[in-house]
1. How far apart, in nanometres, would the label points at GLU166 and SER258 be if each is projected 7 angstrom from Cα along the Cα-to-Cβ direction?
2. Let's test this: bin the Cα-Cα distances of the stretch 81-178 at 10 Å from zero up to the farthest pair and state each bin's percent.
3. Could you tell me the center-to-center distance, by alpha carbons, between the stretch 151-172 and the stretch 210-260 in angstrom?
4. Computed over the Cα atoms, what is the radius of gyration of the stretch 197-260 divided by 2.2 N^0.38 Å, N being its residue count?
5. For the stretch 144-224, go through all pairs of different Cα atoms, get the mean of 1/r, take its inverse, and jot down that Kirkwood value in Å.
6. Can you divide the C-alpha Rg of the stretch 75-259 by 2.2 N^0.38 Å and report the result to two decimal places?
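Where a number appears in this text, it was derived from the coordinates with a stated rule and is not lab data. This structure is a prediction, so every number in the text was calculated from the model and none was measured. Backbone-built Cβ (ideal geometry, glycine too); neighbour counts: all protein chains shown.
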Amino acid sequence: MTQRVQLVSGLAPWFAAWSVLCSTCPGVARAFLGRLIAVLRTNHSRRSFPPCPEAIADLVAWSHILAGWSGTALARIRAPSSPISLTFHVDAFGGGARSSFAGIGVFCLSNGSFALAPFSPQQLQLAHVAQTYSTLILEFSVFGFLLSTFTEVVRGQVIEIRCDNEGAIAVAQKGFHASPVMGSLCRVLAALLVLCDCFVHFSFVPSQDNLADHLSRGSIPAFRRATTALGWSPAPSPTLLRSPSSDLCEKLQCSFYSEA
């Protein structure tokens, strides 16, 4: 009982922040409460009191996000009420027998812009799970790369992001994830949505129809053949792929993008 009292006392500042948000911005409060409940459940199952440093760091990072919000990022990830103005295909590849290139591909069907870049060894190591690479982590990370690369293009727009990983779509719609790496990527996505002032609709596209597939494997010629065969006109040269800013990643306790 004493340990639980200490736990609640230690989280008192976040309870106070949540109570304020309930009256000013219920949507943000819901997202924050979800993170708080996840931390409490995790620590209860592990009988860990007070919460581990990683859990506290996650809540601190969320308090940084919420401090500057006048709206909620969760409300920005939904079926849009306004017409979609830009559509993107995204893909991530961890390497394989047929291709040693492990990277990111983004293609904007609306204006022909595209971008690609390899994952760094450090990023692949962060995504390493059970003798392989987590496609969930790799695919989800592309959302942050997209918003950082095309910030001015997507600003104030309703955009659609199509990917072939249903798990990544589900996590984006939920807004958080229990694992440290995925949780940090969720925080960066939430912050970028607010910074870009855009609304996102995530949808599934089968792998064979994903036009960013060849880009994630590093093959621009194959990408051009596939897109032109379907009537699309990609830009003459790729856009430089950008990561979220180091200041933002440091504030939100996300090391994935800084390992590029």
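1. Output for this residue pair reads 3.6 nm.
2. Per 10 Å bin, starting at zero, the Cα-Cα P(r) for the stretch 81-178 comes out as 14, 45, 31, 8, 0 percent.
3. What the calculation gives is 13 Å, centre to centre.
4. With N residues counted in the stretch 197-260, Rg over 2.2 N^0.38 Å equals 1.47.
5. 13.8 Å
6. Numbers: Rg = 15.2 Å, N = 185, 2.2 N^0.38 = 16.0 Å.
Normalised Cα radius of gyration, the stretch 75-259: 0.95.
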